[in-house]
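To start, the structure itself, in structure tokens.
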Protein chains: 2
Amino acid sequence: MTAARERQDTLTKPVGSLGRLEELSVQLAGITGSPRPSVARKAVIVMAGDHGVARSGVSAYPPEVTPQMVLNFLAGGAAINVLARQAGARVTIVDIGVAADLGEQPGLNSRKVAYGTADLTQGPAMTAGQAEQAIQVGLDVLSDEYDRGLDLVATGDMGIGNTTPSSAIIATVSGLPPARVTGRGTGVDDEGLARKVAAVEAALEVNRPDPDDALDLLQKVGGFEIAGLAGVIIGAASRRVPVVIDGFISGAAAVIAAGLVPQVRPYLIASHRSVEVGHAAMLEVLGLRPVLDLDLQLGEGTGAALAFHVVEAAARILSEMATFSEAGVSEKEG
Amino acid sequence: MTAARERQDTLTKPVGSLGRLEELSVQLAGITGSPRPSVARKAVIVMAGDHGVARSGVSAYPPEVTPQMVLNFLAGGAAINVLARQAGARVTIVDIGVAADLGEQPGLNSRKVAYGTADLTQGPAMTAGQAEQAIQVGLDVLSDEYDRGLDLVATGDMGIGNTTPSSAIIATVSGLPPARVTGRGTGVDDEGLARKVAAVEAALEVNRPDPDDALDLLQKVGGFEIAGLAGVIIGAASRRVPVVIDGFISGAAAVIAAGLVPQVRPYLIASHRSVEVGHAAMLEVLGLRPVLDLDLQLGEGTGAALAFHVVEAAARILSEMATFSEAGVSEKEG
């Protein structure tokens, strides 16, 4: 990081004039251990899972949309496909808990832990064994991606109903009341929002998750895709691969990952500030300042794929720019 | 624009969930007249010019840096070269008023109006004829770029001392006191900042530019690169090419362009919020909300080249995503 910072100060621009690009480049150097890091090989890992609570009117879309969107991802027609293609990133789709049989689908990584979680308003969303299994799926998927060549990874999610467990997680960790961190997700109306807040309140009341025990929290009020992405984050950090965190659901996964393994924190890059209420509290818990602020609230890894461009710019500036002496440019006076 | 908005609402995502990408895509559709615009052919036009006031200690760098950086641009070693390359954009470098003989340089577009402006603290920065000539250079350069194929253009600047005329322009148009809109530019110290504020105050006192006459304002307290970029902006808008405005100096050019031809406004995209004091007032005058906020303060078109990725993402989302019916995904309930 010191070498990267020193190099930044010799490049043909006023010191600090590339702001967050310079900060990001120094972070990348620290993560990778290289003073001139490359982020050429990029992947977005999208974990898909269903939620028992989704049948309780907490989402604007029916649960059938989860498997339908998985097929859309595989066909290349979803937003994450478009944005990953633009960013030169591959997309890996993982069925970690979709409540439907997807069959053999070319390109689908089938690692289903169960057909969706149990309804977290009635009891734990999953068993402790399921939570551990889902984290292991994330570790395994990251490991496979690493073996294919991986310089930069993004987290993405799909799961109708998954803002509800994410709100339950951030409410528990931040201590904020559920109404303060529960938003409209894919666009529920006022009545749907009231049902969501009530569902988060019930989930916390029924399960009493321990804010200081991330595994307990994950098991009781989490989701399979959240668990899997926590595994992805831990796996990436352990291999010194920078992880770009998407929005609200990925943020919940990052909170869980940082709870399980606090050492992951410096490996995280927050891609964007989501419109979803509660995301600000999540960024605060994680101590992260987002790269973009584009009023996004889609998930799938879309914000992270957009942020890839800025992260790559940071790496390229550090590696490709000429220094003052190379270019024969006069330095600052006085 | 209506067709683009209607298409956005049929794509496989909750309505509005891609926030500013959706807004930008609708703007692009309106600018280009195409409901599925493409921004494949991109260029950054960097105008370089010197400033008489630069000899008065208003910059942290000596004026020799302007021609040195032009050579650095031509060699491909500057930040704008790196970022334009990443964005798939060509870079056009124009000597519109560098105070040195650059000779015949491969790739340099030599359109010098004069060897730098006169010192705006002593009288008009340029003659009315020079101002018109410099605007014409911008129109000509844009026209040539358009003939090469151009879907998206960015403005970039190089000119030691050019935050001083830019501050004078925004102070005049906004009515704010010079101290409120004069910043540290490339990084002057407190004494240098005091000299800059005094220079802007003197420029306004000596020249009394008319805030309602953009040509008068440009001639008295502007710069050749600012005039040239105003021409680029007017030329692009007249050909229905969206223009991505870089930071503070490009913003001054946009203020001049919008003063000369108010119809350019809907063709403008503000790339980023600059650290430079006074940029906020400029964005307010222009009525623009920036795409990025990355603590940049370099110029050269760097912020605009970074924003190209987001603008391209907006266009691609509109063109490449599947609709609900194409993908067989259920729509929102109720």
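The values are calculated or read from the model by the stated rules, or taken from the named source; none is laboratory data. The structure presented is a predicted model; accordingly, all values stated were derived computationally and were not measured. Using ideal geometry, Cβ is built from the backbone for each residue, glycine included, and neighbour counts are taken over all protein chains shown.
Among (1) in contact with a Phe, Trp or Tyr (Cβ under 7 Å, 6 or more places away or on another chain); (2) surrounded by fewer than 24 Cβ atoms within 10 Å (Cβ to Cβ), where does B:Gly187 come up short?
Status for B:Gly187: all satisfied but (1).
Kindly indicate which of A:Ala75, A:Ala60 is aliphatic (A, V, I, L, M) and within 20 Å of A:Leu296 (Cα to Cα).
Being aliphatic (A, V, I, L, M) and within 20 Å of A:Leu296 (Cα to Cα) holds for just one of A:Ala75, A:Ala60, which is A:Ala60.
If you scan region B:280-311, which residues turn out to be more than 20 Å from B:Gly19 (Cα to Cα), in a helix (DSSP H, G or I), within 13 Å of another protein chain (Cβ to nearest Cβ) and not small (Gly, Ala, Ser)?
The answer is B:Thr302, and nothing else.
What number of residues within region B:87-107 satisfy the criterion of being over 21 Å from B:Leu142 (Cα atoms) and at pLDDT 95 or above?
4
Quick check on B:Ser325: is it surrounded by fewer than 21 Cβ atoms within 10 Å (Cβ to Cβ), touching a residue at least 24 places away in the same chain (Cβ under 8 Å) and not β-branched (Val, Ile, Thr)?
Yes, satisfied.
Residues in region B:48-58: is at least one in a loop (DSSP other than H, G, I, E, B) and modelled with pLDDT under 95?
Taking every residue of region B:48-58 in turn, at least one turns out to be in a loop (DSSP other than H, G, I, E, B) and modelled with pLDDT under 95.
Based on this model, can you work out whether A:Arg265 counts as under 15 Å from the mean Cα position of the chain (by Cα), surrounded by fewer than 24 Cβ atoms within 10 Å (Cβ to Cβ) and of a type outside the set (A, V, I, L, M)?
Here the answer is yes, as A:Arg265 does meet what is asked.
In region A:40-51, is there at least one residue being touching a Pro at 6+ places or on another chain (Cβ under 6 Å) and either among the charged types (D, E, K, R) or surrounded by fewer than 22 Cβ atoms within 10 Å (Cβ to Cβ) (or both)?
Looking only at region A:40-51, we keep the residues that are touching a Pro at 6+ places or on another chain (Cβ under 6 Å), and these are A:50.
Going one step further and asking which of them are either among the charged types (D, E, K, R) or surrounded by fewer than 22 Cβ atoms within 10 Å (Cβ to Cβ) (or both), we end up with A:50.
Yes; the residues of region A:40-51 include at least one that is touching a Pro at 6+ places or on another chain (Cβ under 6 Å) and either among the charged types (D, E, K, R) or surrounded by fewer than 22 Cβ atoms within 10 Å (Cβ to Cβ) (or both).
Count, please, the residues in region A:312-326 that happen to be closer than 14 Å to A:Arg20 by Cβ and either facing chain B (nearest Cβ under 8 Å) or within 15 Å of the chain's Cα centre (by Cα) (or both).
3
When you look at A:Val65, is it at pLDDT 95 or above, touching a Leu at 6+ places or on another chain (Cβ under 6 Å) and within 14 Å of another protein chain (Cβ to nearest Cβ), yes or no?
Details: at pLDDT 95 or above: yes; touching a Leu at 6+ places or on another chain (Cβ under 6 Å): no; within 14 Å of another protein chain (Cβ to nearest Cβ): yes.
Spelling it out, it is not the case that A:Val65 is at pLDDT 95 or above, touching a Leu at 6+ places or on another chain (Cβ under 6 Å) and within 14 Å of another protein chain (Cβ to nearest Cβ).
Mind listing whichever residues of region B:219-241 are within 22 Å of B:Leu306 (Cβ to Cβ) and not in a helix (DSSP H, G or I)?
B:Val241
Of all the residues that make up region A:36-56, how many are within 14 Å of chain B (Cβ to nearest Cβ) and closer than 28 Å to B:Gly301 by Cα?
The qualifying residues number 5.
Residues of region A:1-15 being in contact (Cβ under 8 Å) with a residue 12 or more places away in the chain and either more than 8 Å from every other protein chain (Cβ to nearest Cβ) or closer than 19 Å to B:Gln86 by Cβ (or both), which ones?
Within region A:1-15, A:Met1, A:Ala3, A:Ala4, A:Arg5, A:Arg7, A:Gln8, A:Thr10, A:Leu11, A:Thr12, A:Lys13 meet the criteria.
Would it be correct to say that A:Ser330 is facing chain B (nearest Cβ under 9 Å), surrounded by fewer than 19 Cβ atoms within 10 Å (Cβ to Cβ) and in a helix (DSSP H, G or I)?
Working: facing chain B (nearest Cβ under 9 Å): yes; surrounded by fewer than 19 Cβ atoms within 10 Å (Cβ to Cβ): yes; in a helix (DSSP H, G or I): no.
Spelling it out, it is not the case that A:Ser330 is facing chain B (nearest Cβ under 9 Å), surrounded by fewer than 19 Cβ atoms within 10 Å (Cβ to Cβ) and in a helix (DSSP H, G or I).
A quick yes/no check of all residues on (1) in contact with a Ser or Thr (Cβ under 6 Å, 6 or more places away or on another chain); (2) of a type in the set (Asp, Glu); (3) within 12 Å of A:Ala79 (Cα to Cα):
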position: B:Leu298; (1), (2), (3): yes, no, no
position: B:Gly303; (1), (2), (3): yes, no, no
position: B:Ala314; (1), (2), (3): yes, no, yes
position: B:Thr323; (1), (2), (3): yes, no, yes
position: B:Glu326; (1), (2), (3): no, yes, no
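In this structure, is B:Ile233 surrounded by 24 or more Cβ atoms within 10 Å (Cβ to Cβ) and touching a Phe, Trp or Tyr at 6+ places or on another chain (Cβ under 9 Å)?
yes
Working only within region A:170-179, note down all residues that are part of a loop (DSSP other than H, G, I, E, B) and closer than 19 Å to A:Ala258 by Cβ.
Residues satisfying the conditions are A:Gly175, A:Leu176.
Pairs please, first residue from region A:231-260 and closer than 19 Å to A:Leu217 by Cβ, second anywhere and aromatic (Phe, Trp, Tyr), Cβ atoms under 8 Å, 6+ apart in sequence or on different chains.
Close Cβ pairs satisfying both conditions: A:Ile233/A:Tyr267.
This table checks each residue for (1) crowded, with 16+ Cβ neighbours inside 10 Å; (2) β-branched (Val, Ile, Thr); (3) under 30 Å from B:Val197 (Cβ atoms).
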{"residue": "B:Leu83", "(1), (2), (3)": "yes, no, no"}
{"residue": "B:Leu102", "(1), (2), (3)": "yes, no, no"}
{"residue": "B:Arg148", "(1), (2), (3)": "no, no, no"}
{"residue": "B:Met158", "(1), (2), (3)": "yes, no, yes"}
{"residue": "B:Gly161", "(1), (2), (3)": "yes, no, yes"}
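Does at least one position in region B:245-254 carry a residue that is surrounded by fewer than 24 Cβ atoms within 10 Å (Cβ to Cβ) and at pLDDT 95 or above?
no
Tally up the residues in region B:242-279 that are part of a helix (DSSP H, G or I) and of a type outside the set (Gly, Ala, Ser), please.
Qualifying residue count, region B:242-279: 12.
Take A:Leu24 and tell me if it is part of a helix (DSSP H, G or I), closer than 30 Å to A:Arg5 by Cα, modelled with pLDDT of 95 or more and not hydroxyl-bearing (Ser, Thr, Tyr).
Judged against the criteria, A:Leu24 is a match.
Out of B:Pro242, B:Pro211, B:Pro165, B:Pro177, I need the residue that is farther than 26 Å from B:Lys42 by Cα and surrounded by 21 or more Cβ atoms within 10 Å (Cβ to Cβ). Which one?
When all the criteria are applied, what remains is B:Pro165.
Residue-wise test of (1) more than 9 Å from chain A (Cβ to nearest Cβ); (2) among the hydroxyl-bearing types (Ser, Thr, Tyr).
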{"position": "B:Ser17", "(1), (2)": "no, yes"}
{"position": "B:Val26", "(1), (2)": "yes, no"}
{"position": "B:Gly30", "(1), (2)": "yes, no"}
{"position": "B:Ser34", "(1), (2)": "yes, yes"}
{"position": "B:Val58", "(1), (2)": "yes, no"}
{"position": "B:Leu71", "(1), (2)": "no, no"}
{"position": "B:Leu74", "(1), (2)": "yes, no"}
{"position": "B:Ala79", "(1), (2)": "no, no"}
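With B:Ala198, B:Ala270, B:Ala202, B:Ala280 as the choices, which residue is closer than 24 Å to B:Ala48 by Cβ and either surrounded by fewer than 24 Cβ atoms within 10 Å (Cβ to Cβ) or of a type outside the set (Val, Ile, Thr) (or both)?
B:Ala270
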